[in-house]
Amino acid sequence: MTKYVRQDPELTRRKFITAAMGTTVGVGAVSLLTIVGAVKPADTLTPEKRLPSKGDVLVYADPAKNGAPVALADIKEGQVVYAFPKGKVNGTDVVKNGVTRNQLIIAKFPPSQLKAPTNLAATDQGIVVYSRQCMHLGCAVEVKPYPSKGLQEAAVCPCHGGVYDLTQGAKVVDGPPPAPIAQLPIKVVGGQVVAQDTFLSLPYDITESEFATQKKELEKA
Ligand code: FES
């Protein structure tokens with residue numbers, strides 16, 4: 001049986017950098033700059049790669065919707081909306097769509113169905129939000145029924161079959177992921193879904209020290 005092991009993202013990036021340095025110069029110059037950019041400290045991250053933060057409005061990930069705020073009418077039980085956070089970075093409005101971890105699942109359940117370890121104080125009117133990036137090796141999960149575990153709506157990873165229960169803090173109910181996908185605290189404010197802070201736990205592809213550094217930057221902003 002194949003055993004999947006989550007790799008430390010910092011080590012993974014270093015491997016990429018090492019590999020990139022060994023490739024031909026023609027492709028190397030631009031690619032390497034992009035890769036090295038991924039390990040820059042928080043204050044030099046490009047704005048669209050910043051973590052979601054307090055006050056960010058959730059906007060449709062669907063490009064056809066042109067970055068419009070997600071309408072409450074579109075958040076229905078049994079349906080899901082994919083979104084990105086949009087907020088001010090250095091005074092400018094930015095859709096933070098530069099990394100997969102910022103792609104968000106907005107799901108809605110009857111409030112009584114949401115249970116611990118969901119952070120219930122971080123939900124509103126049955127609406128709960130998670131990162132869409134799988135904690136195993138970083139694929140984007142899809143929300144769909146998962147009848148074998150009795151789930152009408154679960155986050156299912158197309159890569160290696162990881163499954164998360166969105167009603168219970170996105171706990172892993174199947175497959176190899178080592179941890180739940182990260183919950184984003186939200187409130188409904190003025191008909192929009194608004195982030196109340198950054199992710200409540202470590203999302204994929206960021207080390208604990210990078211996460212802590214970026215959170216400190218957000219607190220200072
Ligand atoms: S990337 Fe392997 S289960 Fe999601």
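Here are a few things to note about the model shown:
- Electrostatic bookkeeping for VAL57 treats Lys and Arg as +1 and Asp and Glu as -1; over the other residues with beta carbon under 12 Å from its beta carbon, the sum is +3.
- Per-residue 3J(HN,Hα) values for region 129-136, derived from phi via the Karplus relation 6.51 cos²θ - 1.76 cosθ + 1.60 with θ = phi - 60°, read 10, 9, 5, 8, 8, 4, 7, 7 Hz in sequence order (x marks Gly and Pro).
- Long-range HN-HN contacts of GLY169 with modeled amide H, under 5 Å: LYS115, THR118
- Global geometry of region 179-221, whether rounded, prolate or oblate, following the gyration tensor of its Cα atoms and the 1.5 cut on a/c: oblate
- Approximate spin-label separation LYS149-GLU217, in nm, with each point projected 7 Å along Cα-to-Cβ: 3.3 nm
- Electrostatic tally near VAL143: other residues with Cβ closer than 10 Å to its Cβ, Lys and Arg +1, Asp and Glu -1, net 0.
- Two-decimal log10 I(q)/I(0) for region 75-172, as the Debye equation yields it once each C-alpha is a single scatterer, q = 0.10 Å⁻¹: -0.28
- Derived scalar couplings between HN and Hα for region 70-82 equal 5, 7, 4, 4, 8, 9, 10, 4, x, 10, 9, 10, 9 Hz in order, rounded to whole Hz, by the Karplus curve 6.51 cos²θ - 1.76 cosθ + 1.60 (θ = phi - 60°), x for Gly and Pro.
- Full extension of the chain between VAL189 and ALA68 yields a length gain of 42.0 nm, computed as 0.36 nm times the residue separation minus the alpha carbon distance.
- Fully extending the segment from THR100 to LEU120, taken as 0.36 nm per residue of separation minus the present Cα-Cα distance, adds 4.8 nm.
- Estimated FRET transfer efficiency (SER209, THR92; beta-carbon r; R0 22 Å; 0.05): 0.20
- By definition, a body whose alpha carbon gyration tensor gives a ≥ b ≥ c is oblate when a/c is 1.5 or more and a/b is not larger than b/c, and region 106-221 fits this oblate description.
Read the figures in this text as sums done on the coordinates, not as results from a lab. All values reported here derive from a predicted model rather than from experimental measurement. So basically every Cβ, Gly included, is an ideal-geometry build from the backbone, and we count neighbours across all protein chains shown.
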